[in-house]
Amino acid sequence: SFWMSEHGRHSLRRVHPERLLGPIVLDDDEQREVSRAKALLAARELLRDAGSKRVAFVLSPQSSCEQLYATFDFAKKWAEQGTQPSFFMAGQPETAFCLRVDPENLGEQAKCPIDKKVSDDFLICADKNPNRAGLLALAQHFGVELQPAEALLDAIDGLDLLCVFGADLPFDEAQLDRLDEGLAETKLLYLGSHQGLLADMADVALPVCTHVEESGSFINVQGLRQHYEAAFEPHGLSQSYHQWLGSIAKKLGLRGALEEPAALRAATDKALKA
């Protein structure tokens, strides 16, 4: 069994606030909340118009193994039509915490001049992403080379379409400004659970379930795959990655999309045991 630190336990309070509850589509320079059906058509157009142009996928080690498998599987099937996307790994940075700050008041951590640590030898790991090992293992399974998120800032100007899965970009304010500048000429498809900069910049934003709204698994820092079950119903019009991607795949005429949870679990199990 594994213990969770006080700071980690209180991070669960960030799960529900500021959720992206409905699909958003940019229409005449104005973002509008639309139905799932209209959002799927808009996402299909973005991907179809990209064709053989330069496309990048940004994946997060905050995502479950099943979510990541569904994303890699979609990208592989889409690549068979002539598009060869590049892949980048995002995720939370190695942020420090302060031992003398009340976890109820996490915003005060940055003001603490002493006892700031990134990790310890008991509970807290430097890597604040629960599934980096799972992401790396699945990237290897699909033969994908993952570039660091920072490399995206150099590549952004040459991209025609950026597909971001999750809002966990380890960028400071200057880097976010650079991303914003680069996206002026780049279309953005965002699949994420929360509002924020990426949702605000997106041409199409699709709301996805958080880890408390669907079952899944991750591989921890000790290499152990751990499974979890849903505790809440999906908020708003949120869906799992595989549901959105399976529907988009059908719109694009891609075959073999994994829409059923049982099929996705079986495929993920097989990939991680290979």
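The values are calculated or read from the model by the stated rules, or taken from the named source; none is laboratory data. Only a predicted model underlies this, so the values are computations on that prediction, with no experimental measurement involved. Because the Cβ atoms are built from the backbone with ideal geometry, glycine has one as well, and the counts that use them run over all protein chains shown. To get the accessible areas, we keep the full protein, side chains included, count just its heavy atoms, and leave off ligands, DNA and RNA. Shrake-Rupley method; radii C 1.70, N 1.55, O 1.52, S 1.80 Å.
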Using the structure shown, decide if residue 225 is open to solvent by 40 Å² or more (accessible area, probe 1.4 Å), more than 30 Å from residue 81 (Cβ to Cβ), among the basic types (Lys, Arg) and in contact with a helix residue (DSSP H, G or I) (Cβ under 8 Å, 6 or more places away or on another chain).
-> yes
Going by the conditions given, is residue 203 of a type in the set (Asp, Glu) and open to solvent by 50 Å² or more (accessible area, probe 1.4 Å)?
-> no
Flag if residue 16 is modelled with pLDDT under 90 and either farther than 20 Å from residue 220 by Cα or of a type in the set (Val, Ile, Thr) (or both) = yes
Among strands (runs of 3 or more DSSP E) entirely within region 203-272, at least 1 residues that are under 17 Å from the mean Cα position of the chain (by Cα) and more than 21 Å from residue 136 (Cα to Cα) occur in 204-207
Quick one: in region 228-274, of everything that is among the charged types (D, E, K, R) and in contact (Cβ under 8 Å) with a residue 40 or more places away in the chain, which residue is surrounded by the most Cβ atoms within 10 Å (Cβ to Cβ)?
-> 265
In region 167-195, which residue that is within 19 Å of residue 27 (Cα to Cα) and in contact with an Asp or Glu (Cβ under 9 Å, 6 or more places away or on another chain) is surrounded by the fewest Cβ atoms within 10 Å (Cβ to Cβ)?
-> 185
